[in-house]
Amino acid sequence: MKFKCSKPLLFTAFVHWLLTFATDRIFFEYNLFSFVTFSDTVFSLYAWGIKAAFLVLLVLGYQLLGNTIKKYRNKIKTTKERIFYAGIYFAFMMILLLLVYPGAWRMDEFGILRDAKTLMPTFWQGYLTSYFYIFSLMLLPIPAGVVIMQNVIISLCVGFVCERAQRILKLKHKIWLLLPFLAFPVLDSNMYPMRMSVYVYLEILLAAVFLSAIMKKRKLTRKETWLVILLTAVVAVWRTEGIYYMLWIPVVYLITFWRQESQKKKLKFAVVTVFATIIVMIPQYLGNKMVSGDQYEITSMVLPLAPLLAEAQDKQQAELSAIDKVIDVNLMIQGYESGKSGISVFWSEPALIRDNYTNAEYKEFKSAYYSLIRKYPDVFIKERMETFVNSNGILMNTTELYDTDEVANYVEFREQYTGGQGIFTGVRKQVLSLLELRSVEDYNEKLPLYYVVYSFLPQLLVLIVAAFCCLNCRKWSSLLVFLGVLLKVPLIFMTAPSLLFMYYYGIYLIGDVVFFYGIYLLYSRGKEKPEQA
């Protein structure tokens, strides 16, 4: 069925857009008609640009919704199955959101929400996160609106993955396909309005498009090709460790469709993918330079840097001198020897980072850091392994949003935002404690199963085994897809700034999906053998 632009839906989108100028007043603070000074004029034009972009999104959204409804009414099987899975999952997520309203808000997202109020991006957490917040809040102008729209995207991805899996696995009991998406860490993350929560599902969607084509031995459709290009650009930029996707996906496409597609089309795909990624990357790169400087990159070094400096003191004066031009070496060593981690010293000591170093000195700083790694590899590897194995932490207490006045972010959230007040605050605390396997009486007390459930290591092993199985069976295209997921592990291993579960959440969820679907695939093939005999 060809996609056609519906004029009634176009008109509906425009009317909806006009109404948002009124509903925006519930949350946003921006001025579209302030031209007194140059800065006011620039900001007003910027605000009009945001509203214009939102109009485009509304038009596309309404047209896609209308097209989907038309396919459903025409009993297009693929569409009906996707809606079945997505609808069930979204309904379940909304029941969960009602219980934990307004979601699992922790720390960094309060700053993103505050900046979104004035249409400003927070580059530290990725400008795409900020614009996702802004457009979500233009649709639903309450903080929970971000969580709702996040789960709309998540549910659509789940619907797509489950429909493709059902066709490949030939599964009769459809509801079982939702099992990997019902684990406690997954449900908790779905309620957590941060980029990783959506990002992981975009990764799964990207892998699912390729794997379904590979297993069905067919080419990508035109829509799938453009979807892959868009997804690649987003996952390559939204999180720093995903940058390799910009080159990896063209390689996967080239090898997967080596004989099925012409050289011209493969070259065109590679060029468009790289170009689209660079376009999406430019605002993030410029924003980091203007707002964050080198601090974001420094956070990826401070955790191993602290023990390296402690080991090198009084020994490697050249490296220490170069590092001291950017970071106060004595302050870092003192903090580390008092029991603080490098990232704790970074956030608790404002004077740690020098404010007058040059670009040349920063390059020398990085060279000295790498030199210390080469001279003390055992210190570096030990710290990295400890971080890797213990990356199961959750950032901040998610249950006390309505229990304390000691955290300024919590008070601002409750008092400044419409819809920031709780509904079932007692139930919220109990449900979140259950999902995060914490004691209701003391959040810091982890239940015995916490270290099992909130560990990504079993899922990592699943993906490694899956990759070896593909290698053994010489399924090169599938192998490349799994390797694409696994490539981020060494990147995170080298740069993770703290012991947080979310850094490896992608490995956890994708590994869960592969495990559940792989078990059923092996089971179904085992049942077929006696019949064939």
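The values are calculated or read from the model by the stated rules, or taken from the named source; none is laboratory data. This structure is a prediction, so every number in the text was calculated from the model and none was measured. Ideal geometry is used to build each Cβ from the backbone, glycine not excepted, and the neighbour counts take in all protein chains shown. When the accessible area is computed, the model is the full protein with side chains, heavy atoms only, and any ligands, DNA or RNA have been set aside. Shrake-Rupley method; radii C 1.70, N 1.55, O 1.52, S 1.80 Å.
Considering only DSSP states other than H, G, I, E and B, which chymotrypsin sites (Phe, Trp or Tyr not before Pro) in region 40-144 qualify as loop sites with at most 15 other Cβ atoms within 10 Å?
none
How large a share of the accessible area of the chain, in percent, is made up of carbon and sulfur atoms when the probe is 1.4 Å and the other protein chains stay in place?
Here carbon and sulfur together make up 65 percent of the probe-accessible area.
Give me the percent relative contact order of region 1-147, please, defined on Cα pairs under 8 angstrom at least 6 residues apart.
Worked out over region 1-147, it gives 29 percent.
Measure out, as a whole number of angstrom, how far apart the alpha-carbon centroids of region 423-472 and region 90-111 sit.
Computed from Cα coordinates, the inter-centre distance equals 17 Å.
Give me the distance in nm between label points sitting 7 Å out from Cα along the Cα-to-Cβ direction at Q260 and T118, one decimal.
Distance between the two pseudo-spin positions: 5.1 nm.
Distance between Cα centroids, region 132-164 to region 291-345: provide it in whole Å.
Centre-to-centre distance over Cα atoms comes out at 40 Å.
Just to confirm, what accessible area per residue do you get for region 95-134 at 1.4 Å probe, in whole Å²?
28
So, taking all protein chains as they sit and a 1.4 Å probe, how much accessible area belongs to E386, in Å² rounded to tens?
About 100 Å², ignoring ligands and nucleic acids.
What does the accessible area per residue of region 228-285 come to in Å², with a 1.4 Å probe and no ligands, DNA or RNA counted?
I get 51 Å² per residue for this part.
Within region 155-182, list the residues whose amide N lies under 18 Å from a label point set 7 Å along Cα→Cβ of L65.
Only 155-157 pass the distance filter.
Label points 7 Å out from Cα along the Cβ direction at N31 and V271: separation in nm?
If labels sit at N31 and V271, their model points lie 4.7 nm apart.
With the cut-off at 26 Å, tell me which of the pairs K7/K223; K289/K325; K51/K429; K117/K325 have Cα atoms farther apart than that.
Over 26 Å apart, Cα to Cα: K51/K429; K117/K325.
Given a 1.4 angstrom probe, what's the average accessible area per residue across region 394-518, in square angstrom?
Spelled out: the 1.4 Å probe surface of region 394-518, per residue, equals 48 Å².
Leaving out same-chain residues fewer than 8 places away, which lysines sit with a Cα under 25 Å from that of K174?
Leaving aside lysines fewer than 8 places away in the same chain, those within reach of K174 are K70, K71, K75, K77, K80, K216, K217, K527, K529.
Name the trypsin sites (Lys or Arg not before Pro) in region 12-87 that are in a loop by DSSP and that have at most 16 other C-beta atoms within 10 Å, would you?
K75
Would you compute the Debye intensity of the chain from its alpha-carbon atoms alone, equal scatterers and no solvent, and pass along log10 I(q)/I(0) at q = 0.11 Å⁻¹ to two decimals?
Values returned for q = 0.11 Å⁻¹ are -1.15.
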